[in-house]
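What follows is a single structure, written as structure tokens, with notes after it.
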Amino acid sequence: ERILILDFGAQYGQLIARRVREQNVFCQIVRHDLPASRIAELKPAGLILSGGPSSVYAPGAPHCDPDVFDLGVPVLGICYGMQLACHLLGGRVEPATSREFGRAQCHVLPQPPGEGPDLFADVPLETTVWMSHGDQVHAVNGDFVSLARTDTCPVAAVRHSSRSVYGLQFHPEVNHTPE
């Protein structure tokens, strides 16, 4: 197994890699702009799009090759990575009313049974998460399903309805997100 982490300048990039390795899974941190064809050659079992300090809609913001979503491997976007996945696949990302940094109460939304993998299996419906962002996904098109929210972030987690693409606005890799 190999997981590739596409690096968008995340302050927690190495920690994401460590958490994956703690699960006895080999992972590599690679450039965010690695072509999808090269990623396919590496035969990853999945991709993680890291966080980063940019805004997905800003001129010159780092983007990945949009074809990574067509490789047939699961993709998890964390923070900026979630925003980028939603942005590239039709969602709307905008500045939040205020930058958010710190603990937040995450409310896991009930999902109909059999509607894809349960990203929040064995996680309480109310859980503490660590937020660090200035932008948010404000609208998801019909292809994304909202999985969780916080009081200040209406779309804190998503899954794509037909692709194996998932996103978390919060940082699951840090100790401040206990679940």
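The values are calculated or read from the model by the stated rules, or taken from the named source; none is laboratory data. Just so it is clear, the model here is predicted, and its values are computed rather than measured. FYI the Cβ positions are ideal-geometry reconstructions off the backbone, even for glycines, and counts take in every protein chain you see. Protein only, heavy atoms only, side chains kept; ligands, DNA and RNA dropped before computing areas. Shrake-Rupley method; radii C 1.70, N 1.55, O 1.52, S 1.80 Å.
Distances between placed amide hydrogens fall under 5 Å for residue 165 paired with 75, 160, all partners being 5 or more residues away or on another chain. Expressed as a fraction of 2.2 N^0.38 Å, the C-alpha radius of gyration for the stretch 26-179 is 0.99. Return the loop-located chymotrypsin sites (Phe, Trp or Tyr not before Pro) in the stretch 1-83 (DSSP other than H, G, I, E, B) with at most 14 other Cβ atoms within 10 Å of their own Cβ; answer none if there are none. Sites meeting the loop and neighbour criteria: 57. Running a GNM on the chain with Cα contacts under 10 Å, which residue among 128, 97, 152 ends up with the highest mean-square fluctuation? Judging by the Gaussian network model, the answer is 97.
Counting protein heavy atoms only, the chain has 50 percent of its accessible area on carbon and sulfur, 1.4 angstrom probe.
Given 25 °C and 0.890 mPa s, how large is the Stokes-Einstein diffusion coefficient of the stretch 35-83 in µm²/s, with Rh as the Kirkwood radius over Cα pairs? Approximately 213 µm²/s, per Stokes-Einstein.
Evaluating 6.51 cos²θ - 1.76 cosθ + 1.60 at θ = phi - 60° for every residue in the stretch 20-35, the Karplus couplings come out as 5, 5, 5, 8, 6, 10, 6, 9, 9, 8, 10, 4, 5, 9, 4, x Hz, glycine and proline recorded as x.
Accessible surface area normalised per residue over the stretch 69-179 is 46 Å², counting heavy atoms of protein chains with a 1.4 Å rolling probe.
Taking each DSSP H run with n ≥ 4 as -39500 (n - 2.57) and averaging over every residue of the chain yields -4000 deg cm²/dmol at 222 nm. For the chain, averaging the sequence separation of C-alpha pairs within contact (under 8 Å, six or more residues apart) and dividing by the residue count gives a relative contact order of 21 percent.
Residue 88 sits among other residues whose Cβ lies under 15 Å from its own Cβ, and their net charge, with Lys and Arg +1 and Asp and Glu -1, is -4. If one puts a single equal scatterer on every Cα of the stretch 29-120 and applies the Debye formula without solvent, what log₁₀ I(q)/I(0) results at q = 0.16, 0.17, 0.23 Å⁻¹? With one equal scatterer per Cα and no solvent, log10 I(q)/I(0) is -0.81, -0.89, -1.30.
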